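*Asks:* One structure, as structure tokens, below. Some questions next.
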Amino acid sequence: MPDAAPGSSRFLCPVRCGWHHDAPPLNPAAMEWSAAEGSADISEAISRVSQATARRTASATEAALTAHLDTHTTIDLVTALERLHGQVQQLTEALADTTGTDHDWRHATPEAGLTCSRCGLAHKFWSGEPCPTTDSPA
Ligand SMILES: [Zn+2]
Ligand SMILES: [Zn+2]
């Protein structure tokens, strides 16, 4: 597949089938200049053109993604999301293990984020301080 234009945003298929969509970078030829018509001043014109262009780019990307995702079954997509969710959880746990200090990071429920079972601190709010409920080593 040819390389995308510099500045493109690449969207990969979550099923990892190899498909991707490159949303082209903004360029003057692709701007919605007609949206500027009727603007009171230059700043309104700029804002109208950029909003209309962003909307059009977003709907073109959405259409490409929707058309591609329709080639997959719902089971493909759910399986891919499950796999990603499992990987995120494994990475979160691995990170907690290697940086854990004295906190005892646990999942209160399988869906919940990691929380220290001693002090109740959520792992996402932890900035490296040791667990306050752990006695200092003698
Ligand atoms: Zn795909
Ligand atoms: Zn703690």
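*Asks:* Can you tell me how the stretch 9-69 classifies by the Cα gyration tensor, rounded, prolate or oblate, using a/c under 1.5 as the rounded cut?
*Replies:* Prolate, since a/c reaches 1.5 and a/b exceeds b/c.
*Asks:* Still on this model: List every residue whose amide H lies under 5 Å from the amide H of residue 102, counting only residues 5 or more places away in sequence or on a different chain, with H placed 1.01 Å from N in the peptide plane.
*Replies:* 131
*Asks:* A further question follows. Please state the shape class of the chain: rounded when a/c is under 1.5, otherwise prolate if a/b exceeds b/c and oblate if not, all from the C-alpha gyration tensor.
*Replies:* Working: a/c = 3.35, a/b = 1.89, b/c = 1.77.
Since a/c reaches 1.5 and a/b is larger than b/c, the shape of the chain is classed as prolate.
*Asks:* Quick check on the stretch 74-125: take the gyration tensor over C-alpha atoms, sort the square-rooted eigenvalues as a ≥ b ≥ c, and tell me if it's rounded (a/c under 1.5), prolate or oblate.
*Replies:* Prolate, because a/c is 1.5 or more and a/b exceeds b/c.
*Asks:* Follow-up question, since we're still on this one. Explain nothing, just the number: dipole magnitude of the chain about its Cα centre with +1 on each Lys and Arg Cβ and -1 on each Asp and Glu Cβ, in debye rounded to the nearest 20.
*Replies:* 140
*Asks:* Using the Karplus equation 6.51 cos²θ - 1.76 cosθ + 1.60 (θ = phi - 60°), what ³J(HN,Hα) coupling, rounded to whole Hz, does each residue of the stretch 114-123 give in order, writing x for Gly and Pro?
*Replies:* Values per residue, Gly and Pro as x: 5, 9, 6, 6, 8, 9, x, 5, 6, 4 Hz.
Bear in mind that the values in this text are calculations on the coordinates, not laboratory data. If you're wondering where the values come from, they're calculated on a predicted model, not measured in any experiment. Counting neighbours? That spans all protein chains shown, and the Cβs are built from the backbone with ideal geometry, glycine included.
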